[in-house]
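I have placed the structure first, in the form of structure tokens, so that the comments after it can refer back to it.
The values are calculated or read from the model by the stated rules, or taken from the named source; none is laboratory data. The model shown is predicted, which means the values in this text are computed figures rather than measured ones. Don't worry about glycine lacking a Cβ; one is built from the backbone with ideal geometry, like all the others, and counts go over all protein chains shown. Heads up: the accessible areas ignore ligands, DNA and RNA and are worked out on the full protein's heavy atoms, side chains in. Shrake-Rupley method; radii C 1.70, N 1.55, O 1.52, S 1.80 Å.
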Amino acid sequence: MLIDFVPDGNLYPFESRWFDSSVGRVHYIDEGTGPTILFCHGAPMWSFLYRHIVKDLRDRYRCVAIDNLGFGLSERPAGFGYTIAEHTAVLGELIDHLRLDGIVVMGQDWGGPIGLGAATSRADRVRGIVLGNTVFWPIEALANRAFSVIMGSRPMQRRILEQNFLVERVLLAELGRKLTAAEADHYRAVQPTAAARRGLALTPKEIRAARPLLDQLARDVPAMLGDKPALLVWGMRDMVFRPNACIPRMRSAFTDLDIVELPRARHFIQEHEPDAIAAAIAKRFP
């Protein structure tokens, strides 16, 4: 199924583009010219999350932002498993289809493992890495694993599917005061029905189920990308990926790392501090 929604051109002033991957139709945007930045989102987001950053940077960079299958305007294909490994493979297909080279890959939340997974197998085409409030190793923190168990339970799966819990009670609970009513509706509109939320419902389970992929990334990222210029933009009030636990491990993985702390930002940093993130990217990758 495809989502019957047309974004407001004032809020999302980009041309929608489409790619027929091996498993479903993928929506993405491709704005501007110059060095390429590939923006990768997590749950329960879509490329709308990067709208402010893309608007700031598209006069100097080529900005590509994907909607993972099951999210945003992309297809909800029958038979697709919506695992992080599968999302990674589809992103790789898009990179190859667009013949992207000299890429700066930015990932946040699940966009970190998805983007890095595609990048490690194409390291010779990667110019640099930008990471924010994400991990690329197995998630061991008790709070995160408990969240996975609870959200994967039958009652919570029903709330995610029938009541759009992850958008209404997680995303908008954090961002309610940051967003206009119209912006909040853009996050709701791309998850309109229980059938449309199948991919979203599976993402909390991946905290535990994606361990093999995360184990591999924990080895591959330092080995294959560790010498790339890297930038960390971190929301210091994030309760999902706590800075004291995550930043030291990020620092140990990259030999050429700049760190920009966002003192007031929580998990969804692109909504909290888009100007600071865009400025940091432009400074790090001129």
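Counting Lys and Arg as +1 and Asp and Glu as -1, what is the net charge of the other residues whose Cβ lies under 14 Å from the Cβ of Ala141? Result for the local shell: +3. Specify the longest stretch of the chain that does not include any exposed loop site, a site being one of the GluC sites (Glu not before Pro) with a non-H, G, I, E, B DSSP assignment and at most 14 other Cβ atoms within 10 Å. The reported range is 141-286.
Taking a point 7 angstrom from the Cα of Ser153 along the C-beta vector, which residues in segment 166-195 have backbone N less than 16 Å away? Once the point is set 7 Å along Cα→Cβ of Ser153, 166 turn out to lie under 16 Å by backbone N, inside segment 166-195.
Which value at 222 nm does the chain reach when only helices count, each DSSP H run of 4 or more adding -39,500 (n - 2.57), with the total divided by all residues and rounded to the nearest 500 deg cm²/dmol? Walk me through the numbers before you get to the answer.
On the way: 13 runs with 111 residues, N = 286.
Rounded to the nearest 500, it is -10500 deg cm²/dmol.
Rounded is the label for the chain, because the ratio a/c of its alpha-carbon gyration tensor axes (a ≥ b ≥ c) stays below 1.5.
You can think of it this way: the chain between Ser252 and Ala141 has 38.1 nm of extra reach, that is 0.36 nm per residue less the Cα-Cα gap. Here is the list for segment 155-209: trypsin sites (Lys or Arg not before Pro) lying in DSSP coil, each with at most 10 other C-beta atoms within 10 angstrom of its C-beta, are Arg177.
Ligands, DNA and RNA excluded, the heavy atoms of Val105 present near 10 Å² of accessible surface to a 1.4 Å solvent probe.
Using a Förster radius of 35 Å, what is the FRET efficiency between Asp101 and Arg237 based on their Cβ-Cβ separation? Nearest 0.05, please. Walk me through the numbers on the way to the answer.
On the way: r = 36 Å, r/R0 = 1.04.
Efficiency for this residue pair is about 0.45.
Looking at segment 1-64 only, what percent of DSSP beta bridges run antiparallel? Nearest 5 please. Taking every DSSP beta bridge with both residues in segment 1-64, the antiparallel ones total about 65 percent. Rolling a 1.4 angstrom probe over the protein heavy atoms with all chains in place gives the chain an accessible area of 41 Å² per residue. The slack between Trp18 and Thr33, meaning 0.36 nm per residue of separation minus the straight C-alpha distance, is 3.5 nm. Rolling a 1.4 angstrom probe over the chain with all protein chains present gives an accessible area of which 51% lies on carbon and sulfur atoms. Which whole-number percent gives the relative contact order of segment 23-173, counting Cα pairs below 8 Å spaced six or more residues apart? For segment 23-173, the relative contact order is 22 percent.
Modelled spin-label separation between Asn244 and Lys205, with each label point placed 7 Å from Cα along the Cα-to-Cβ direction: 3.4 nm.
If I stretch the segment between His52 and Asp215 completely, what's the gain in nm (0.36 nm per residue apart, minus their alpha carbon distance), one decimal? Kindly include the intermediate steps, with their values, before the conclusion.
Details: separation 163, 0.36 × 163 = 58.68 nm, distance 3.31 nm.
Difference between extended and current length: 55.4 nm.
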